[in-house]
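Readers should treat all values here as calculations from the given coordinates under stated rules, not as data from a laboratory. Since the model is a prediction, treat every value here as computed from it, not as a measurement. Counting neighbours? That spans all protein chains shown, and the Cβs are built from the backbone with ideal geometry, glycine included.
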Amino acid sequence: MPRKLPHLFIITLSVCVSLTSFNAFAHGKHSHGHEHQQSEAARKASEGVFTDKEVKDRLLSDWDGVWQSINPYLLKGDLDPVLVDKAKKNKNKTVEEYREYYKKGYATDITMIGIENNTIDFHTPETVNSCQYSYSGFKIMHYESGKKGVRYLYECQDAYSKAPRYVQFSDHIIEPQKSHHFHIYMGNESQEKLLKEMDNWPTFYPITLDKDDIVHEMLHH
């Protein structure tokens, strides 16, 4: 049986979307001032260009909030404008090739994630699995493209929980800062095994954003 959820998460999706209490971590209707005010170093870091010494530890609270999987939007065709834009800018893939790439990348049965007080609630259509997580440091990733990334590692502290034992967050941020979207890697074997996962990275945006907001975010940030 899933644990009783804190009041913050005892909400239906329709009510959740309208709650103003989530505005602190959501962008809102095309309000993106924080993106435009980021430093040059932060912009470069978001593009995978940074020095190892710039990377700092982060608390799980950087990802506090209620988040929705964008996989359903992809499958319904709502993200097609993003795929078309990518295909125009990068001639290495067609729209359909991008669609298949993201189908594999975004694939997950988790529809919503709630994070509060170092606890992560994983919502699927059938159940909610929760666990309190502790920080296990970060790993700087070196990609074939020459760019770099950072994954922040956390471990479930309840051996009986059905939530993933190991989770890793990647959000193009390398120092303490509230996240605006993230890719998450999940597994039960080990952090080392999970670090080798490069094809599946379920992606989550604030629950307050609708499909048009998400497309705007992906096209302009």
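For this structure, a couple of remarks:
- If you wrap the tightest convex hull around every Cα atom of the stretch 73-193 and split its volume per residue, you get 140 Å³.
- Normalising the average separation of contacting C-alpha pairs (under 8 angstrom, six or more residues apart) by the number of residues puts the relative contact order of the stretch 170-221 at 31 percent.
- Applying both filters, DSSP loop and at most 12 other Cβ atoms within 10 Å, to the trypsin sites (Lys or Arg not before Pro) of the stretch 62-132 gives Lys91.
- Put a plus charge on the Cβ of each Lys and Arg, a minus charge on the Cβ of each Asp and Glu, and nothing anywhere else: the dipole of the stretch 84-221 about its Cα centre is then about 600 debye.
- Taking 31 Å as the limit for the C-alpha separation, the pairs Lys44/Lys162; Lys89/Lys193; Lys76/Lys162; Lys86/Lys162; Lys53/Lys76 exceed it in the case of Lys44/Lys162; Lys89/Lys193; Lys86/Lys162; Lys53/Lys76.
- The local environment of Tyr133, defined by Cβ-Cβ distances under 12 Å, has a net charge of -3 under the rule Lys, Arg +1 and Asp, Glu -1.
- A simple count of charges around Arg151, restricted to other residues whose Cβ falls under 15 Å of its Cβ and scoring Lys, Arg +1 and Asp, Glu -1, yields -2.
- Most positive-pole-ward Cα, Val49, Ile70, Pro125, against dipole of the stretch 33-155 from beta carbon charges: Val49
- Relative contact order [Cα under 8 Å, 6+ residues apart], the stretch 40-211, whole percent: 26
- All other residues whose Cβ lies under 13 angstrom from that of Val95 are scored, Lys and Arg at +1 and Asp and Glu at -1, for a net of +2.
- Mean-position separation - Cα centroids, the stretch 162-181 and the stretch 63-128, in angstrom: 15
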